[in-house]
Amino acid sequence: MSSVKNLKKDINFVLGDIIEAVYIYEMSTTGKPTDKTNTIIDEAIATFDNLIVKVNAKKVEDKKAHFKLINVELEQAANQLIDKINTLQ
């Protein structure tokens with residue numbers, strides 16, 4: 001099932017890019033982590049863990065709808081994390 005494989009890759013790449021953006025912000029401003037940046041990274045990791053658990057769920061009646069819902073959840077979580085990165089100062 002290649003769509004599951006691609007969904008896992010999307011989750012990994014999107015949240016990995018968000019964490020990388022936080023690291024770039026840290027290096028370009030203070031040069032070290034702050035409480036706000038650590039919170040964003042922890043949130044991204046928790047989102048990753050949560051979404052992977054949902055992807056790996058075995059007892060799902062409508063797999064297609066389930067995976068679409070996970071994709072929507074990924075997009076919403078990514079947008080929220082990006083907004084938090086954009087408000088860092």
By residue number, the members of the stretch 1-18 that are open to solvent by 70 Å² or more (accessible area, probe 1.4 Å) and of a type outside the set (D, E) are M1, S2, K5, N6, K8, K9, N12, F13
Out of the residues in the stretch 19-41 meeting the condition of being closer than 26 Å to N71 by Cβ and touching a Ser or Thr at 6+ places or on another chain (Cβ under 9 Å), tell me which one is surrounded by the fewest Cβ atoms within 10 Å (Cβ to Cβ).
Y23
Exception for E61 within (1) free of Cβ contacts under 8 Å to residues at least 12 places away in the same chain; (2) surrounded by 13 or more Cβ atoms within 10 Å (Cβ to Cβ) falls at (2)
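The values are calculated or read from the model by the stated rules, or taken from the named source; none is laboratory data. Source: prediction; values computed, not measured. Cβ: placed from backbone, ideal geometry, glycine included. Neighbour counts: every protein chain shown. To get the accessible areas, we keep the full protein, side chains included, count just its heavy atoms, and leave off ligands, DNA and RNA. Shrake-Rupley method; radii C 1.70, N 1.55, O 1.52, S 1.80 Å.
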